[in-house]
Structures are given as C-alpha cells and as structure tokens.
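To keep things clear, I will list the structure first and then write my remarks on it.
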C-alpha cells in the first residue's frame with residue numbers, strides 16, 4: 001500500500017476512535033440489552049386499496065446503535081478502535097400493512113457507518129463499513145385494531161458487503177451472512193386526562209409503553225428528531 005493509502009486508513013481508524021468516544025454515553029443508553037435499537041427519523045405514508053382492503057404503505061429512514069459483540073458490531077472492531085462501545089447503524093425500510101389485520105411485509109437496506117475522513121469528531125457517522133438488506137413481516141395489529149402503541153417484527157438481516165480493514169475499501173462477501181431476528185416497535189405517546197393515550201406532539205413530554213402494557217418508559221432527549229419523539233425498534237438476533 002502507498003504511504004498515502006496508509007495515511008488514509010490511519011485517518012479512518014483515528015476518526016472511528018474519536019466518534020466512539022463522542023457518542024459513547026448516548027449509545028450505551030440506546031442499545032440497552034436488546035443488541036440493536038433503531039429509531040424512525042421520519043416517515044412517508046400513503047394509502048392504497050387492493051382487493052377491497054386499504055393498505056398503509058410507509059417508508060422510513062432509521063438510525064440507531066448496535067451493541068459491541070452483536071452481529072452488526074463485531075468485537076473485531078476493538079482491534080482498530082479499542083474505545084468503541086457500540087456501532088452506528090442507518091437503514092431505510094418500507095412496509096405495506098393491511099388496515100384490516102395490521103399485518104404486512106417489510107424490507108429495506110442497512111449500513112453500519114463510521115465517521116468519514118474530513119468530518120469533525122461530532123459529525124454524524126456516514127462511511128459504510130458493513131451493509132446489506134433486511135426483510136420480514138410486521139405485526140401492528142395491537143396498534144391498528146386496539147390502539148395499543150406496540151408492534152412486532154420478525155425476519156432476517158443479510159450482510160452482503162464489509163470493509164477490508166487493511167485497505168478501508170468495501171467488497172462483497174463470498175457468502176452472505178443471514179441473521180434471523182425479531183423485534184418490538186414502541187410508538188411514542190402522551191398520557192392525557194384519565195390516563196388515556198394521546199398522540200404526542202413536538203417538544204411535549206412523551207413515553208413508550210412497556211411489554212406489560214402498564215409501565216411507561218420516558219422518551220429521552222436522544223430519542224427525538226428535531227423535537228419529535230421517534231418510534232423505537234428494539235431488535236434481537238435469533239429466535
């Protein structure tokens with residue numbers, strides 16, 4: 001490798017270490033015990049009618065964190081970045097959910113990203129080191145049919161490309177890595193009069209509902225996008 005190439009790789013590894021330190025506190029809170037936590041940064045929704053059933057189509061960019069040692073944040077990264085505690089994950093997902101059953105397919109793409117050369121240490125990570133696709137099924141029946149702000153998802157992540165630590169360039173894997181997963185959606189809301197669920201508004205206090213359907217979990221500052229509380233997706237690998 002040329003001296004220029006070595007400097008480039010060294011710069012990438014330095015920035016990875018810096019960005020890990022800068023985001024460590026929020027990442028530790030975000031990953032929790034689930035391994036990967038993603039947040040819907042925004043959402044575009046349309047409605048179509050097919051065979052007499054209205055279908056809700058949605059596309060969302062997502063961003064979040066994978067805990068170190070999980071498939072999307074392999075411990076091998078510690079060799080080049082000893083201080084890293086988690087990895088930033090970005091994705092774009094699309095689903096089509098029946099308004100009658102609350103069920104439908106989901107698919108999309110994802111990247112594990114680090115801070116690119118030239119960025120400051122507080123810049124959002126944007127250089128892919130792992131990428132691939134995901135697909136599966138979503139079950140939003142609790143939300144659609146019963147107005148309970150929870151949902152579930154099952155499917156697979158498929159890792160198709162990774163970066164070569166020696167060169168910093170990406171290449172296709174000889175054999176894609178398929179990772180079964182399941183997850184829980186938590187839709188933010190606020191409690192109105194008499195403890196009723198209400199739609200959360202920008203900059204207002206908001207909460208998530210726990211699995212026991214009783215306990216509420218406060219939405220934290222980093223779980224918002226431009227003031228709006230985000231839908232939270234907690235992912236576990238394996239069934």
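The values are calculated or read from the model by the stated rules, or taken from the named source; none is laboratory data. All of these numbers come straight from a predicted model, not from anything done at the bench. Glycine gets a Cβ as well: all are built from the backbone with ideal geometry, and neighbour counts include every protein chain shown.
Scanning the range 186-207 for residues that are at pLDDT 70 or above, closer than 16 Å to residue 40 by Cβ and part of a loop (DSSP other than H, G, I, E, B) yields a total of 3. Being surrounded by fewer than 20 Cβ atoms within 10 Å (Cβ to Cβ), under 16 Å from residue 185 (Cβ atoms), touching a residue at least 60 places away in the same chain (Cβ under 8 Å) and under 20 Å from the mean Cα position of the chain (by Cα) is not true of residue 96. Residues that are over 24 Å from residue 143 (Cβ atoms), outside any loop (DSSP other than H, G, I, E, B) and either touching a helix residue (DSSP H, G or I) at 6+ places or on another chain (Cβ under 7 Å) or at pLDDT 95 or above (or both) do not occur anywhere in the range 37-55.
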